[in-house]
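The values are calculated or read from the model by the stated rules, or taken from the named source; none is laboratory data. Quantities reported herein were computed from a predicted structural model and do not represent experimental measurements. All Cβ positions, even for glycine, are placed from backbone atoms using ideal geometry, and neighbour counts span all protein chains on display. To get the accessible areas, we keep the full protein, side chains included, count just its heavy atoms, and leave off ligands, DNA and RNA. Shrake-Rupley method; radii C 1.70, N 1.55, O 1.52, S 1.80 Å.
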Amino acid sequence: MSEVKIVALPGDGIGPEVTQVALDVLETVLEQHDLKLNVTKLPFGGTCYEEFGEPVTDEILQTCKETKVVLLGAVGGPQWDDLSANKRPEAALLKLRSELGVFANLRPIFVHSALAGASTLKEEVIEGTDILIVRELTGGVYFGKPRFTSEENGDPFSVDTMKYSRSEVQRVTRIAFETARLRDKRVCSVDKMNVLESSRMWRKSVLEVAEEYPDVELSHMLVDNAAMQLIRNPKQFDVIVTGNLFGDILSDEASMLTGSIGMLPSASLGGENGLYEPVHGSAPDIAGKGIANPLAAVASAALLCRYSLDLEPAAKKIESAILQLLEEGYRPADIYTEEPGTKLANTGEISNQLLTSLNEMADAS
Ligand code: IPM
Ligand code: MN
C-alpha cells in the first residue's frame, strides 16, 4: 500500500476534536483507495506556546514544509490574548501561511438544500448559492511593512501597511480564473479602488490577467457594495477574488449564508504546498464538551484529497457523506433549529455517522 504523508496541527480549543474526526474520515477514505495515511501530529498555536514558549518552532515549520500537506484545526484562546504580537497563536498561523507560500485561499460557500432553513436569511434568497471566495493570503495589510507603534506629541499611534505588487495580485487572480473555468466562468474582483492606491494596483493587475481568459466573464465590485450584495442576492456570484483583509471579512459574512461558520472549509494553495483548515476559530467556550461541529474540518479533508492528492473520487465521497448526514437530519448544535425530522448530534455521533456511510458507499461499489 502506498503512503500519504501529512502533518496535522490540531491547535487549540475545539481544534483537536474536529481535526480527529477529519483524520478518521480521511484514513477511512484513503484505505478505500489502497492508500495508507501517515500522520505527523505536532503542537501549534497556544498549545505550542505552552510547551515551547513559542506559538510555532522552526522544526515544526520545517516539517510542514517538507511534508507539503498540512491539516490544521484552529488556534487562539483568551488565555493567550495578552501575549505580545509575535507570541500570539495567530502569529504562528500567519508565519505558516507565509513560509508555505500558500498565497491563494479558497473558501467555498455552498448552501446545502437540507440546510437552507438553518440560515438567518430567507430561504429563497440563499437556496442554490454556490460561491468560491479566492482570498489572497500572504500579502496585503496582514504582512505589509512598515508596521509599528510610536508616539506623536504625546499621542500614541500605530501604522499598518497595505501593499500589493502586480505579481502578487496576478498569481492569485490566475488561480481565480482557472477555478472559474471549472465552474460558471464568472469572476468578480473586489477592491476599494475609489479610495486605496493598493486597490488601484489590484484592479489594473486583474484587468491585465483577464486578457488571458477571454472565455471567463470579469466584473469588479467595491468591497462595501460587495458586503451588501452578498446578503441581498448571493446567487449573483460565482468566483470572488479579493485581497487578504477584504477576503477575511467577506468570508465570515458569507459563511452565514450556509447557516453557520462551522460549515466552512478552506484550502490554501501555492506551488506544491497545501494547507487545509476550517474557517472557524477555536471556540474556547465549547472546547472539550464534545459538541463542536466537525463538518468544516471534514470538508477541508475533502479539499485536501482534491487539491493535494489529486484524488477527486475521494473528495466526492467525503462530500456525499456530509450531504447524506444532513439529509438524514443530523444537525450539530450550531445549525440545529428544531425543524421536524432533524436531530441534534454531538461530535462523536457525527463522526460515527460519516464513517458508517463511507463504509456503506465502499460496500455498495
Ligand atoms: C482566518 C482567521 C485568521 C485570519 C486569524 C486567526 C489570523 O480569521 O483564517 O480567517 O485573519 O486570517
Ligand atoms: Mn477570519
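Residue-level check: of (1) among the small types (G, A, S); (2) touching a Ser or Thr at 6+ places or on another chain (Cβ under 6 Å); (3) without any contact (Cβ under 8 Å) to a residue 24 or more places away in the chain, A85 misses just (2).
Among the residues of region 133-154, those identified as in a strand (DSSP E or B) and open to solvent by 10 Å² or more (accessible area, probe 1.4 Å) are K145, P146, R147, F148, T149, S150, E151, E152.
Here V25 meets the list (1) β-branched (V, I, T); (2) in contact with a helix residue (DSSP H, G or I) (Cβ under 7 Å, 6 or more places away or on another chain); (3) closer than 30 Å to R147 by Cβ almost entirely, failing just condition (3).
Please specify each residue of region 256-274 satisfying the condition of being open to solvent by less than 30 Å² (accessible area, probe 1.4 Å) and near ligand 1 (Cβ under 10 Å from one of its atoms). Those that are open to solvent by less than 30 Å² (accessible area, probe 1.4 Å) and near ligand 1 (Cβ under 10 Å from one of its atoms): L264, S266, S268.
Take the conditions closer than 25 Å to G13 by Cα and surrounded by fewer than 23 Cβ atoms within 10 Å (Cβ to Cβ) and apply them to E50. Does it pass?
yes
Within region 294-329, being in contact (Cβ under 8 Å) with a residue 12 or more places away in the chain, open to solvent by 10 Å² or more (accessible area, probe 1.4 Å) and assigned to a loop (DSSP other than H, G, I, E, B) holds for S308, L309, L311, E328.
What is the one condition in (1) closer than 16 Å to H112 by Cα; (2) surrounded by fewer than 24 Cβ atoms within 10 Å (Cβ to Cβ) that P284 does not satisfy? Here P284 clears every test but (1). Of the conditions (1) within 30 Å of S84 (Cα to Cα); (2) assigned to a loop (DSSP other than H, G, I, E, B); (3) within 20 Å of the chain's Cα centre (by Cα), R183 clears all except one; give me its number. With (1) within 30 Å of S84 (Cα to Cα); (2) assigned to a loop (DSSP other than H, G, I, E, B); (3) within 20 Å of the chain's Cα centre (by Cα) applied to R183, the lone miss is (1).
Residues in region 224-283 that are over 16 Å from L121 (Cβ atoms), within 15 Å of ligand 2 (Cβ to nearest atom) and among the acidic types (D, E): D248, E277.
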